[in-house]
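Quick one: structure below, then a few questions.
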Amino acid sequence: MKHTQQSGAKVYNPFTLSLYDWWVLNISNKYAWKCPTDTRLLPFFLHHMGETHLDIGVGTGYYLKHAPATHAISLMDLNPDSLKIAASRVGNTKIRATLQHDVFDTFPADWHGRFDSVSMYYLLHCLPGEMTTKAKAIKNAGMALKPGGTLFGATILGKEVPHNAFGKKLMAVYNKKGIFSNT
């Protein structure tokens, strides 16, 4: 079955997003991927985040909620539910712009060279295709950076790396359903 960008994004509806932090950021990160949110992923995110920041693939806005109040945050996601929930969680005082957009498509010209940092947390493994295809998304994200800016992220690697039994099972289910595309 061929999975598309749209099919991967569709799984994130208000119900699944209400469970996301508990299931993905707590249970899955700690036990399946062995990369705890609170001690690894959040500190990494905050360390690399610049004062003007673009988050691509916003999830629930968990990481952004922890950003300093002085930071100007923009959101980009294909899924309108994710954008709405993340913007609500982060709050209007930090959010400067939201854009419902496919990361494979060229970004609007006024989003080029605009940000000190761009994050792509848990996005690449959800995008369809091989890494050569996903490279276009990375290139587009890089175009949004100011000179000297930082592009950073986190992803779940596929079968090329060892996973525990829980991680293998989750990966198999998620890839079969089109949530992941990293086999």
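The values are calculated or read from the model by the stated rules, or taken from the named source; none is laboratory data. Computed from a predicted model, the values in this text were never measured in an experiment. When we count neighbours, we look across all protein chains shown, and the Cβ atoms used for this are built from the backbone with ideal geometry, even at glycine.
Can you tell me which condition residue 138 does not meet? The list is (1) β-branched (Val, Ile, Thr); (2) assigned to a helix (DSSP H, G or I); (3) more than 20 Å from residue 48 (Cβ to Cβ); (4) touching a residue at least 12 places away in the same chain (Cβ under 8 Å), and all the others hold.
(3)
Now, a different point. Mind checking whether some residue in the stretch 106-117 is under 14 Å from the mean Cα position of the chain (by Cα), among the hydrophobic types (A, V, I, L, M, F, W, C) and either assigned to a loop (DSSP other than H, G, I, E, B) or modelled with pLDDT of 95 or more (or both)?
no
I would also like to ask the following. Would you please name the residue that is surrounded by the fewest Cβ atoms within 10 Å (Cβ to Cβ), looking only at residues in the stretch 1-22 that are at pLDDT 95 or above and under 15 Å from residue 126 (Cβ atoms)?
Taking the candidates together, the pick is 16.
Quick check: anything in the stretch 93-104 under 28 Å from residue 15 (Cα atoms), part of a helix (DSSP H, G or I) and under 13 Å from the mean Cα position of the chain (by Cα)?
No, there is no match, as no residue in the stretch 93-104 is under 28 Å from residue 15 (Cα atoms), part of a helix (DSSP H, G or I) and under 13 Å from the mean Cα position of the chain (by Cα).
Ok, one more. Across the stretch 65-92, what is the number of residues that are in a helix (DSSP H, G or I) and within 11 Å of the chain's Cα centre (by Cα)?
Residues meeting the conditions: 1.
Criterion first (polar (S, T, N, Q) and surrounded by fewer than 20 Cβ atoms within 10 Å (Cβ to Cβ)) does residue 82 satisfy it?
Taking the combined requirement at face value, the residue does not satisfy it.
Among the candidates 156, 179, which residue alone is assigned to a loop (DSSP other than H, G, I, E, B), at negative phi and touching a Cys at 6+ places or on another chain (Cβ under 7 Å)?
Checking each option against the conditions leaves just 179.
Same structure, new question: What are the pairs, 6+ residues apart or on separate chains, where a residue within the stretch 21-37 that is part of a loop (DSSP other than H, G, I, E, B) has its Cβ under 7 Å from a residue that is of a type in the set (A, V, I, L, M)?
Here the result reads 33/156; 35/41, each pair linking the stretch 21-37 to a residue that is of a type in the set (A, V, I, L, M).
Here is a follow-up. Look through the stretch 23-61, keep the residues that are of a type in the set (Phe, Trp, Tyr) and over 23 Å from residue 145 (Cβ atoms), and return whichever of them is surrounded by the most Cβ atoms within 10 Å (Cβ to Cβ).
First, pick out the residues of the stretch 23-61 that are of a type in the set (Phe, Trp, Tyr): 23, 31, 33, 44-45.
From what is left, the residues that are over 23 Å from residue 145 (Cβ atoms) are 23, 31, 33.
Numbers: 23: 13, 31: 13, 33: 23.
Residue satisfying both the conditions and the ranking: 33.
If you don't mind, another one. Could you give every pair whose Cβ atoms fall below 6 Å, whose first residue belongs to the stretch 144-165 and is over 17 Å from residue 75 (Cα atoms), and whose second residue is among the β-branched types (Val, Ile, Thr) and assigned to a loop (DSSP other than H, G, I, E, B), counting only separations of at least 6 or pairs across chains?
Hits for this filter: 158/183; 159/183.
Need pairs with beta-carbon distance below 7 Å; first residue part of a helix (DSSP H, G or I) and within the stretch 40-53, second of a type in the set (Phe, Trp, Tyr); sequence gap 6+ or separate chains.
From residues that are part of a helix (DSSP H, G or I), the pairs are 42/63; 45/63; 45/121; 48/152.
Does residue 159 satisfy being modelled with pLDDT under 95, basic (Lys, Arg) and surrounded by 12 or more Cβ atoms within 10 Å (Cβ to Cβ)?
When the stated conditions are applied, residue 159 passes them.
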